[in-house]
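First up is the structure itself, then whatever we jot down about it.
The values are calculated or read from the model by the stated rules, or taken from the named source; none is laboratory data. All values derive from a computational prediction rather than experimental measurement. Please note: Cβ atoms are built from the backbone with ideal geometry, for glycine as well, and neighbour counts cover all protein chains shown. Quick note on the areas: whole protein, heavy atoms, side chains included, nothing else; ligands and nucleic acids left out. Shrake-Rupley method; radii C 1.70, N 1.55, O 1.52, S 1.80 Å.
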Amino acid sequence: MMSKTTEIKTTSNKNIISTQYDLNKVQVMGIVNVTPDSFSDGGQFSCFDSALKQVEKMIGNGVDIIDIGGESTRPGAVDVSVQDELFRVIPLLKAIKSRFDINVSIDTSKAEVMGEAITYGADMINDVRALQNQGCLEVIAQSDIDVCLMHMQGMPRSMQENPQYNDIIDDILEFFRQRIYCCEQSGINKERLVLDPGFGFGKTLAHNYEVLAQLSQFNVLGLPVLAGISRKSMIGNLLNREVDKRLAGSLTAVIVAIQQGANIIRVHDVQESVDAINILKAVAQYKT
Ligand code: 9MG
């Protein structure tokens, strides 16, 4: 490899959020689902030991943030009780925080789970319901944790039935503006927020590709943008690929998202995504 390329640093930047478009600050969020019905790992990591091993492997592969989810949000998913979600998520959070120096995000929409996660050292809350559930704004306002606000039309159980928008980009932008306003009114500083257009959440195939193509438009709000596309139906349905055959499609989408200004990418395949980012960095060195 050429010397200029080998100079590229691959170590993580520990600031969890960054608003600037800077390839060196793109962060990789690794997905660790601890749900029995996780759609793309078939529940493989629902057991504590497997999940911990998966975390260790992701760290070795250069992950920046581990995102732990105890509630499935796949289309048609059913609700999980607070107790079940706490039981799945909190022991893993504690174990990760006691063993590794890594940022951990908790994927939850429940105020009780957010509160416990904050108590046990979570660095970020990833809420697909954008803090709209009862008590969430208040719990977050009492902490200094970062939050990802995701856009979703409808609810997981029925969101893919007939999603409709006037103008999908404008509609999502308006949603973000409203949620940022609510956060600020509740005492949550804007600098703590990350925005996510929610690929696959109440969106047709065409909607998803329009959002990907126009992702840079969300940078206008001055907040980091997170893109979660890995192994989703928007890859599988376009390419006619089962979930275990979506790596090439997912990586291509990751590259496009980063070129469109995504600051955080949420992925299953950490090593391959870090490789893709390093190729982008190598190319960027020679851009005039
Ligand atoms: C939990 N979860 C599933 N898909 C997601 C996505 O695209 N973004 C975020 N923030 N969370 C997601």
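Before moving on, here are some points about what is shown:
Residue by residue, here is whether (1) of a type in the set (A, V, I, L, M, F, W, C); (2) open to solvent by less than 20 Å² (accessible area, probe 1.4 Å); (3) out of contact with any Cys (no Cβ under 7 Å at 6 or more places or on another chain) holds:
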{"site": "G115", "(1), (2), (3)": "no, no, yes"}
{"site": "D127", "(1), (2), (3)": "no, yes, no"}
{"site": "A130", "(1), (2), (3)": "yes, yes, yes"}
{"site": "N133", "(1), (2), (3)": "no, no, yes"}
{"site": "V139", "(1), (2), (3)": "yes, no, yes"}
{"site": "Q142", "(1), (2), (3)": "no, no, yes"}
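- Figure legend. Inter-residue proximity from region 57-83: first residues within 10 Å of the ligand (Cβ to nearest atom), second residues acidic (D, E) and open to solvent by 30 Å² or more (accessible area, probe 1.4 Å), beta-carbon distance below 7 Å, spacing 6+ or different chains. Indicated pairs: S72/D37.
- Condition met for L205 (within 25 Å of I65 (Cα to Cα) and among the hydrophobic types (A, V, I, L, M, F, W, C)): no
- Test: residue in region 157-164 that is open to solvent by less than 40 Å² (accessible area, probe 1.4 Å) and more than 16 Å from G222 (Cβ to Cβ): yes
- Verdict on A130 being more than 16 Å from the ligand (Cβ to nearest atom), closer than 27 Å to F176 by Cα, small (G, A, S) and in contact (Cβ under 8 Å) with a residue 40 or more places away in the chain: no
- Pick from region 231-243, criterion within 15 Å of the ligand (Cβ to nearest atom) and of a type in the set (A, V, I, L, M, F, W, C), ranking: farthest from N162 (Cα to Cα): V243
- S98 being modelled with pLDDT of 95 or more and either touching a strand residue (DSSP E or B) at 6+ places or on another chain (Cβ under 9 Å) or on the phi > 0 side of the Ramachandran plot (or both): no
- Matching option when the condition is under 17 Å from T35 (Cβ atoms), more than 16 Å from the ligand (Cβ to nearest atom) and touching a residue at least 12 places away in the same chain (Cβ under 8 Å), among I90, I102, I118, I106: I90
- In the set (1) among the polar types (S, T, N, Q); (2) within 30 Å of N162 (Cα to Cα); (3) in a helix (DSSP H, G or I), the condition left unmet by Q54 is number (2).
- Exclusive hit being farther than 22 Å from D64 by Cα, open to solvent by less than 10 Å² (accessible area, probe 1.4 Å) and touching a residue at least 40 places away in the same chain (Cβ under 8 Å), set V220, V211, V243: V211
- Only one entry of A262, A276 meets the criterion of being crowded, with 16+ Cβ neighbours inside 10 Å, within 15 Å of the ligand (Cβ to nearest atom) and closer than 16 Å to G30 by Cα, and that entry is A262.
- Apart from one condition, A77 fits all of (1) at pLDDT 90 or above; (2) of a type outside the set (D, E, K, R); (3) in contact with an Asp or Glu (Cβ under 8 Å, 6 or more places away or on another chain); the exception is (1).
- Identity of the residue in region 59-99, surrounded by 15 or more Cβ atoms within 10 Å (Cβ to Cβ) and among the hydroxyl-bearing types (S, T, Y), that ends up farthest from M155 (Cα to Cα): S72
- Single residue of D101, D123 found to be farther than 23 Å from I188 by Cα and acidic (D, E): D101
- Selection within region 262-277 - touching a residue at least 40 places away in the same chain (Cβ under 8 Å) and either under 21 Å from E56 (Cβ atoms) or in contact with an Asp or Glu (Cβ under 9 Å, 6 or more places away or on another chain) (or both): N263, I264, I265, R266, V267, H268, V270, Q271, S273, V274, I277
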